[in-house]
Amino acid sequence: MSDSYKDLKKLAFALEKNINDTIKKELNNENIAKAAGIAAKTHARFLRSLQEYSEILSAPLNIPTKKDVSNIAKLIIQLEDKIDNMEEELIDVKELLQNKQSPDVSLQDTSHNSKKKQDNSQQKENKGKDNSEKKRHELKKLMALNYLLTSSAFLETEPHQRKKGERNG
Amino acid sequence: MVKKNKNTLRSINWEKEKKRWEGMKHVFTEPAPEVGLTPRKAIWKKNKAALWYYEAPEKKYNVPLFLVYSLVNQPFILDLAPGMSMIEAFINEGFDVYLLDFGIPGYEDKDITIDDYVYDYIQKAVKKSLRHSGADEVTVIGYCLGGTLAAMYAAIAEEPIKNLILSVAPIDFSSPPVYDEWVKQLRHGTIEYEKILDMYGTIPARFIEAGMRIASYPIYFSHYASLLQRADDKEYVEKWRRFNLWTKNHIPFSGAALKQLITDLGKDNKLMNGNLMLRQKQANLSNITANLLVVSTTFDTLVPSQMSASVIDAVSSADKTFKMVDGGHATLAANGELPDFLAEWLPQRSEPI
């Protein structure tokens with residue numbers, strides 16, 4: 001019985017192949033291709049009229065068209081792009097600061113050790129360390145702010161290239 | 001005659017037949033199966049696209065995999081179900097996997113071009129993957145049209161691509177495998193496709209499915225005969241259902257991108273000829289120096305080997321291989337384990353830890 005199913009499968013494959021080869025052969029014809037070209041042109045013209053009329057009607061009927069909705073969606077996509085660019089810039093700043101921080105810390109550690117040897121007053125040293133830490137944090141913040149404010153990607157992110165036919169946005 | 005019939009009836013395994021028809025009933029009555037079950041995490045999202053990260057349970061290679069899937073179907077073919085998932089096979093082998101899922105375009109995406117896909121999606125996603133993984137290099141794997149996009153990206157990439165794998169990717173359109181008369185008319189300018197694509201904006205999924213069918217199997221029923229033959233095998237039925245779900249899940253296509261593909265590739269074969277421009281940059285295949293593996297399958301009617309094989313001669317890679325594998329268009333994407341040739345080629349080029 002299982003052989004029957006196997007035979008049926010073989011038959012189905014052969015039949016499918018024959019039908020498809022015939023369809024492809026018949027469709028692969030210069031006249032059909034030309035006719036399809038004309039049909040596509042006519043169809044496009046009909047669609048354009050339909051869209052134009054629906055655009056005209058959308059105003060008196062007070063309803064949005066697909067274009068209106070997509071224009072809003074495009075604005076959101078542009079915003080997302082800007083946020084994405086900002087995120088990239090922030091990550092770069094973070095990495096930059098982290099890279100700058102590591103040698104500083106090691107330098108401070110060594111200076112801290114040498115100070116320890118020279119100065120026996122622990123309290124004084126801690127105070128000085130706290131101050132330099134604070135200053136370093138402030139400097140870091142300023143650097144980041146400065147970087148962001150001067151970064152072209154933050155303030156002057158290129159708006160999405162306007163495409164032909166786009167109404168607003 | 002009666003005796004013969006009695007013998008035939010006796011030879012039937014009724015238990016198996018019962019299972020077979022229950023399996024058939026199951027296919028048509030049960031809800032759609034779940035797909036994409038391998039645990040993953042989105043590390044980046046842009047518009048409808050997402051960059052998914054699949055972490056290897058035990059990482060064995062330093063170079064992660066970056067998968068680019070086609071624009072005509074959904075990428076869940078790469079992760080159908082546990083045991084029938086290419087992504088699962090990759091992570092079980094010890095590769096960290098990043099998958100760029102372009103998502104399902106809406107009408108607002110009608111102006112997305114191939115340039116946008118290459119620069120704003122693929123290149124950005126590769127950068128994100130490199131940053132996320134901390135790796136120095138990446139392996140880019142492109143499936144079907146995703147392979148074409150991956151080749152375009154590799155031709156303009158500034159990121160370190162160690163390996164490039166192009167699986168059933170249509171790149172060389174010099175001799176169309178089917179409908180050469182149509183292509184001739186297209187090249188003569190008789191068929192005006194621009195206006196109709198502009199009018200639709202985003203090309204509906206039904207049209208994309210029809211286009212794919214006409215190019216491969218205008219009439220398609222043999223898969224039901226395959227199912228009937230093995231419907232008593234529960235595992236096969238499950239795989240069949242998932243695969244069938246994928247074949248019916250075409251997605252809309254950005255009109256601007258399709259127009260560009262028809263003009264630049266279908267008509268002018270620019271990628272192969274080396275004169276494709278993507279944002280004022282020449283996407284010449286000779287810029288590709290990564291280790292290259294090009295794979296085609298024997299029964300692929302949609303992208304036969306002549307559309308991929310010649311890439312080998314166009315690139316500058318010192319290490320390049322063309323592999324012909326038994327199977328159809330989606331065989332490699334729907335595999336549950338690493339095919340032998342890939343298990344041999346990929347690990348030695350992925351910096352084992």
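The values are calculated or read from the model by the stated rules, or taken from the named source; none is laboratory data. Treat the numbers as computed from the prediction; the structure is a model and nothing was measured. Heads up, the Cβs are rebuilt from the backbone with ideal geometry, glycines too, and the neighbour counts pull from every protein chain shown. Side chains are part of the model used for accessible areas, which takes the heavy atoms of the whole protein and leaves out ligands, DNA and RNA. Shrake-Rupley method; radii C 1.70, N 1.55, O 1.52, S 1.80 Å.
Consider region A:1-17 and keep the residues that are surrounded by 14 or more Cβ atoms within 10 Å (Cβ to Cβ) and charged (D, E, K, R). The one that is farthest from the other protein chains (Cβ to nearest Cβ) is A:Lys17.
For region B:1-99, list the helices (runs of 4 or more DSSP H) that sit wholly inside it and hold at least 1 residues that are among the acidic types (Asp, Glu) and open to solvent by less than 70 Å² (accessible area, probe 1.4 Å); which are they?
The helices (runs of 4 or more DSSP H) meeting that bar are B:14-29, B:86-92.
Output yes when any residue across region B:197-209 is under 18 Å from A:Asn29 (Cα atoms) and at the interface with chain A (Cβ under 7 Å from one of its Cβ atoms), and no when none is. Lay out the reasoning, then the answer.
Applying the first criterion (under 18 Å from A:Asn29 (Cα atoms)) to region B:197-209 yields none.
The answer is no; no qualifying residue exists.
With respect to the conditions (1) in a loop (DSSP other than H, G, I, E, B); (2) surrounded by fewer than 19 Cβ atoms within 10 Å (Cβ to Cβ), B:Asp232 lacks only one, and its number is (2).
Being more than 14 Å from chain A (Cβ to nearest Cβ), on the phi < 0 side of the Ramachandran plot and modelled with pLDDT under 95 narrows it down to one residue among B:Phe66, B:Phe76; which is it? Give the derivation first.
On the way: B:Phe66 fails: modelled with pLDDT under 95.
Testing whether each residue is more than 14 Å from chain A (Cβ to nearest Cβ), on the phi < 0 side of the Ramachandran plot and modelled with pLDDT under 95 leaves just B:Phe76.
When the residues of region B:235-266 are filtered to those that are open to solvent by 30 Å² or more (accessible area, probe 1.4 Å) and aliphatic (A, V, I, L, M), the one that is farthest from B:Ala81 (Cα to Cα) is B:Ile262.
Only one of the numbered conditions (1) within 13 Å of chain A (Cβ to nearest Cβ); (2) over 19 Å from B:Asp300 (Cα atoms); (3) more than 19 Å from the chain's Cα centre (by Cα) is not met by B:Ser254, and that is (3).
B:Pro170 - would you say it is more than 8 Å from chain A (Cβ to nearest Cβ), in contact with a Pro (Cβ under 8 Å, 6 or more places away or on another chain) and either more than 30 Å from A:His43 (Cα to Cα) or surrounded by 16 or more Cβ atoms within 10 Å (Cβ to Cβ) (or both)?
Working: more than 8 Å from chain A (Cβ to nearest Cβ): yes; in contact with a Pro (Cβ under 8 Å, 6 or more places away or on another chain): no; either more than 30 Å from A:His43 (Cα to Cα) or surrounded by 16 or more Cβ atoms within 10 Å (Cβ to Cβ) (or both): yes.
So B:Pro170 does not fit the description; no.
Applying the selection to region A:18-31, what residues are within 8 Å of chain B (Cβ to nearest Cβ), out of contact with any Phe, Trp or Tyr (no Cβ under 8 Å at 6 or more places or on another chain) and part of a helix (DSSP H, G or I)? Scanning region A:18-31 gives A:Ile19, A:Ile23, A:Glu30.
For region B:297-353, a residue qualifies if it is assigned to a loop (DSSP other than H, G, I, E, B), at pLDDT below 90, surrounded by fewer than 20 Cβ atoms within 10 Å (Cβ to Cβ) and of a type in the set (Asp, Glu), and the qualifying residues are B:Asp326, B:Glu337.
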